[in-house]
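The values are calculated or read from the model by the stated rules, or taken from the named source; none is laboratory data. The structure presented is a predicted model; accordingly, all values stated were derived computationally and were not measured. Virtual Cβ from ideal backbone geometry, glycine too; neighbours counted across all protein chains shown. For accessibility, only protein heavy atoms count, side chains too; no ligands or nucleic acids. Shrake-Rupley method; radii C 1.70, N 1.55, O 1.52, S 1.80 Å.
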Amino acid sequence: MIDKIIESRRSIRKFKSTKPDWRTIIECIDSMRFAPMAGNNFSLKIILVDDEEKIRKIGEASDQDFVGKVHYLVVVCSDKKLATLSYEERGENYLRQQAGAAIQNFLLKITESGLSTCWIGHFYDEKVKHILKIPQEITVEALFPIGYAFEKPKKIKKIDLDHVLYFNEYNNKKMVAKEKLDV
């Protein structure tokens with residue numbers, strides 16, 4: 001089941017006009033709480049936006065028209081306070097890792113629920129913060145326009161595993177069987 005969801009997840013940029021049920025989106029957001037977090041300190045803050053004017057302005061702030069044409073937008077933020085207090089300079093790295101893990105949970109749950117989205121990383125942070133009254137010390141990680149895919153997404157050929165997997169050291173593409181010792 002999980003393999004099928006992982007393999008069917010796609011970035012969708014064109015949505016039907018049908019409005020999703022906000023409760024389904026909240027269930028998908030809830031999956032983020034189960035991602036690994038450094039020291040079990042949940043650093044994410046999530047904003048579910050349904051205000052049409054704010055969504056339109058955020059679409060402009062992302063330079064991507066389709067972002068501003070949805071009924072719902074999910075904004076994922078990180079509060080670095082706990083991570084940097086606990087882990088100093090490494091805390092910033094952990095924040096990105098935690099956000100990525102939580103976002104992947106969210107993306108898979110969105111796919112499982114029959115909804116679609118696209119991970120938006122390009123946007124003007126200050127504009128998004130201003131529109132949503134996000135404090136300056138909070139990092140906006142990503143935006144996710146939510147809706148139903150306008151058409152069935154095409155299957156995309158992914159990179160072959162042998163182009164990215166190495167054994168024991170970088171660029172070593174062969175797994176060598178260990179010799180058994182006769183004892």
Problem - Contacts under 6 angstrom Cβ, first residue in segment 4-32 being in contact (Cβ under 8 Å) with a residue 24 or more places away in the chain, partner open to solvent by 100 Å² or more (accessible area, probe 1.4 Å) and not basic (Lys, Arg), 6 or more apart - result: Lys14/Phe150; Phe15/Phe150; Lys16/Phe150
Exercise for the section: Sort out which residues of segment 40-60 are under 18 Å from Ser78 (Cβ atoms) and either among the aliphatic types (A, V, I, L, M) or surrounded by 13 or more Cβ atoms within 10 Å (Cβ to Cβ) (or both), and write them in order of number. Expected result: Asn41, Phe42, Ser43, Leu44, Lys45, Ile46, Ile47, Leu48, Val49, Ile58
Problem - Among the residues listed as Lys129, Lys158, Lys133, the single one being out of contact with any helix residue (DSSP H, G or I) (no Cβ under 8 Å at 6 or more places or on another chain), free of Cβ contacts under 8 Å to residues at least 24 places away in the same chain and within 24 Å of Phe15 (Cβ to Cβ) - result: Lys158
Exercise for the section: Determine if segment 73-82 includes at least one residue that is surrounded by fewer than 15 Cβ atoms within 10 Å (Cβ to Cβ) and more than 29 Å from Lys154 (Cβ to Cβ). Expected result: yes
Practice task
Return yes or no: is Thr111 open to solvent by 20 Å² or more (accessible area, probe 1.4 Å) and among the β-branched types (Val, Ile, Thr)?
Solution key: yes
Exercise for the section: Determine which member of the set Lys158, Lys129, Lys174 is in a helix (DSSP H, G or I) and either in contact with a Pro (Cβ under 9 Å, 6 or more places away or on another chain) or at pLDDT below 95 (or both). Expected result: Lys129
Problem - Flag for Asp30 being loosely packed, with under 14 Cβ neighbours inside 10 Å and closer than 26 Å to His130 by Cα - result: yes
Problem - Pairs with Cβ under 6 Å, 6+ apart, first in segment 108-121 and under 13 Å from Ser8 (Cβ atoms), second of a type in the set (D, E, K, R) and open to solvent by 10 Å² or more (accessible area, probe 1.4 Å) - result: Thr111/Arg9
Practice task
Considering each of Lys180, Lys152 in turn, give the residue that is within 27 Å of Ile25 (Cβ to Cβ), of a type outside the set (Val, Ile, Thr), open to solvent by 100 Å² or more (accessible area, probe 1.4 Å) and assigned to a loop (DSSP other than H, G, I, E, B).
Solution key: Lys152
